[in-house]
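The structure appears below as structure tokens.
The values are calculated or read from the model by the stated rules, or taken from the named source; none is laboratory data. Here the structure is a predicted model, which is why all the values come from computation and not from measurement. All Cβ positions, even for glycine, are placed from backbone atoms using ideal geometry, and neighbour counts span all protein chains on display. All accessible areas refer to the heavy atoms of the entire protein, side chains included, with ligands and DNA or RNA removed. Shrake-Rupley method; radii C 1.70, N 1.55, O 1.52, S 1.80 Å.
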Amino acid sequence: MRHAAIGAAAAMTGTTWAPEARAQQAAKEAVAQQAAKDASGLKMSGTLSPDLDVVKKSKGPVMTVLEEFYKVGPGPSSSHTIGPMRITYDFYQRCTKLPADQLAQATGLKVHLFGSLSATGKGHGTERASLAGLIGKEPATVDPLFLDEMIAKPQQTYPVQLGGKTFNLSLADIIYDAPKGEFPHPNTMTCKLMAGDKALSELEYYSVGGGFIEWKGYEPPKKGQPKYPYSTMKELRRHAETNNLSIADVVMANEVAVSGKSEEQINAFLDKIAGAMLATVKAGLSMKDDVLPGPIKLHSKAATVWERAMDQKYESDRAIALVAACALAASEENARGHLVITAPTGGSAGVMPAVVYALTESQRKVPLEKIRQGLLAGAAVGYLCKHNATLSGAEGGCQSEVGVASAMSAALIAQIMDSSPQVIENAAESALEHHLGMTCDPVAGYVQVPCIERCAFGAVKAWTAFMVATNEIASRHRVDLDTTIKTLADTGRDMNAKYKETSEAGLAQNLVLC
């Protein structure tokens with residue numbers, strides 16, 4: 001109806017609506033519509049549909065593989081940029097396969113954002129990512145400068161060809177729709193192929209966290225069966241201890257069985273991910289006191305913290321300062337919308353790269369083979385958190401992002417240091433436990449405050465968790481990882497929706513921007 005009204009107004013007045021004007025009109029109507037819904041008592045959706053595969057998966061063994069988990073893509077949010085870009089790219093590909101007579105009627109494409117995608121999408125660059133996917137860009141290969149240009153030129157149009165027709169799209173075709181209501185997932189969006197005001201084809205999608213996506217009627221791809229099936233850390237550790245294997249060995253065996261790839265192929269992928277992690281840190285450290293995009297006007301600080309750490313006067317602070325500087329560097333790259341690695345999300349993309357950089361670019365000089373093992377062990381912890389809880393800030397708060405990243409990083413360190421499966425579990429558990437209850441309240445909807453510094457603290461906590469785990473009698477550790485992951489899930493469900501990536505409460509509400 002909204003688009004019909006805009007089209008009718010243009011027809012009656014003889015006026016051609018510019019993309020910016022159309023966007024402003026759509027925004028006004030969305031605000032008016034939302035005010036009516038607010039008056040009716042609608043709230044942020046806090047429940048997940050039982051039909052989602054991400055919910056069903058918790059009833060079987062872990063089937064996630066590395067290429068699904070560690071993704072390269074533009075920041076600042078895996079669920080708000082990488083996920084939507086994958087979604088719109090998928091929808092465009094579907095449209096290219098429609099019958100020619102149907103495509104002949106097409107006049108454009110539209111995307112409607114709901115829930116958290118609507119509430120904080122502006123600060124997360126969701127509209128740019130969504131438009132980029134529609135015009136054929138993929139997260140792993142998109143030039144971040146292309147996304148930056150969308151900010152500088154918001155009225156720019158981009159040609160899209162479907163069948164024998166070409167039409168122009170702009171940011172005005174990405175609609176910020178209702179942030180509140182009952183949705184199958186907090187990150188819900190619909191994509192439509194339009195013929196005037198009529199939808200020729202339409203599909204509802206869900207960005208379920210960590211760049212993972214689903215859609216209405218989603219069926220997961222067929223995979224092989226794991227050699228060592230597990231759905232809990234207890235089961236994973238039993239496989240390792242019974243077969244005299246490391247956690248990394250068990251994950252590698254399953255990876256081969258489930259993905260059908262060889263160990264050589266898997267190692268090549270892990271090398272690529274490790275290289276990308278190091279590159280994000282180096283890129284972030286090279287930026288000297290720039291101002292990050294958005295209304296917060298936040299100055300970057302990674303390079304300054306690094307320089308201070310290298311000063312002999314502060315040698316006693318060096319270890320912590322270097323890890324923190326590396327985490328700030330990668331997280332600031334995420335805030336710039338540059339390429340990062342989901343480990344497990346964009347918002348937490350500073351944690352694991354910082355640890356990998358600290359291990360390889362310091363006097364430790366950890367070899368690449370060891371880093372591979374650490375990435376496998378870290379993935380195991382991330383898999384379990386995804387399987388039995390969530391990686392989505394919109395679903396579980398920041399405990400599901402930085403908390404999980406810290407736990408993964410603690411496991412990575414412990415595996416690299418040849419710790420036993422029990423110690424790896426203990427280190428991951430401690431790191432996750434001390435992030436429980438952490439809210440996701442990005443100021444102004446931007447992944448900057450508190451997100452950037454939070455990554456630095458998450459990286460330092462990972463080291464602390466490892467050190468504590470290796471300085472206790474492992475069998476005396478009182479809390480197991482499965483219990484903490486269950487608590488993560490319970491806390492996420494109980495957390496007020498205002499504190500789950502909506503920017504309605506916490507720092508987002510109380511910090512006044514001048």
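Descriptive notes on the structure:
- The chain - percent of accessible surface contributed by carbon and sulfur, probe 1.4 Å: 54
- Excluding same-chain neighbours fewer than eight residues apart, the aspartates and glutamates reachable from Lys165 by a Cα-Cα span under 16 Å are Asp101.
- Assuming charge only on the beta carbon of Lys and Arg (+1) and of Asp and Glu (-1), the dipole of the chain about its Cα centre is about 460 debye to the nearest 20.
- Our summary gives the chain a relative contact order of 17 percent, counting only alpha carbon pairs under 8 angstrom and 6 or more residues apart.
- Net charge over other residues, Cβ less than 11 angstrom from the Cβ of Ser130 (K, R count +1; D, E count -1): +2
- Our analysis of segment 239-398 gives Rg over Rh at 1.02, with the two radii drawn from alpha carbon positions and Rh computed by the Kirkwood formula.
- Think of a 1.4 Å ball rolled over the protein heavy atoms: the chain then has 41 Å² of accessible area per residue.
- Three principal axis lengths of segment 103-219 [C-alpha, angstrom, descending]: 37, 33, 26
- As an equivalent ellipsoid, segment 75-121 spans semi-axes of 27, 12, 6 angstrom, where each value is the square root of five times an eigenvalue of the C-alpha gyration tensor, largest first.
- Mean projection area, nm², convex hull over Cα of segment 139-285: 14.6
- Net charge over other residues, Cβ less than 15 angstrom from the Cβ of Arg318 (K, R count +1; D, E count -1): -2
- Straight-distance candidates among the lysines for linking to Lys313, with alpha-carbon spacing under 30 Å and chain neighbours fewer than 8 residues away dropped: Lys282, Lys288, Lys301, Lys365, Lys461.
- Each other residue within a Cβ distance under 13 Å of Gly83 adds +1 if Lys or Arg and -1 if Asp or Glu, for a net charge of -4.
- Solution diffusion estimate, µm²/s, Stokes-Einstein, segment 257-326, Kirkwood Rh from C-alpha pairs, 25 °C, viscosity 0.890 mPa s: 167
- Global size of the chain as Cα Rg and Dmax, reported in angstrom: 22.9, 79
- Cross-link pairs exceeding 18 Å between alpha carbons, from the set Lys223/Lys370; Lys110/Lys198; Lys386/Lys486: Lys223/Lys370.
- Cleavage-rule hits, trypsin sites (Lys or Arg not before Pro), segment 194-289, DSSP coil, Cβ neighbours within 10 Å at most 11: Lys222, Lys288
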